[in-house]
Amino acid sequence: QKYGYYHCKDCNIRWESAYVWCVQGTNKVYFRQFCRTCQKSYNPYRVEDITCQSCKQTRCTCTVKMRHVDPKRPHRQDLCGRCKGKRLSCDSTFSFKYII
C-alpha cells in the first residue's frame, strides 16, 4: 500500500489517496482510481511510500501518528478500482484475497 497523487486531465481535478496498491517492492500500480466527476479511471502520476510524519519512517512505533490524510474520512469504494463493486472495502482489515 502506497500514497498516490492523481490528476484528471479532462476535469482538471487533482486528488490524493493512501489506498494505492502496488506490486511489492515496486511502484507498479495494480488498480486505478476513478475521477469523481467524469468517472474515467487513472493511475497516479506520482507514488510514494506512506511515511510517519513524526519520525519519517515507513514502519514506525510512534504512539501518535501524524498523517497527511484524514483517517475519519470514509473510503470512496465507488471511486476505487480495487473495491468498486465488491462487498468489502480496502480500508477493512480483511486480506486482499477476500476482496477480489
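Here are a few things to note about the model shown:
- Length available on full extension from Thr61 to Lys9: 0.36 nm per residue minus the Cα-Cα distance, which gives 14.8 nm.
- Of Val20, Val47, the order by accessible heavy-atom surface (1.4 Å probe, DNA, RNA and ligands excluded), from most exposed downward, is Val47, Val20.
- 14 Å cut-off, amide nitrogen to a point 7 angstrom out along Asp49 Cα→Cβ, residues in segment 1-33: 1-3, 24-27
The values are calculated or read from the model by the stated rules, or taken from the named source; none is laboratory data. Nothing here was measured: the structure is a model prediction, and the numbers come from that model. Please note: Cβ atoms are built from the backbone with ideal geometry, for glycine as well, and neighbour counts cover all protein chains shown. Heavy atoms of the whole protein, side chains included, go into the accessibility calculation; ligands, DNA and RNA do not. Shrake-Rupley method; radii C 1.70, N 1.55, O 1.52, S 1.80 Å.
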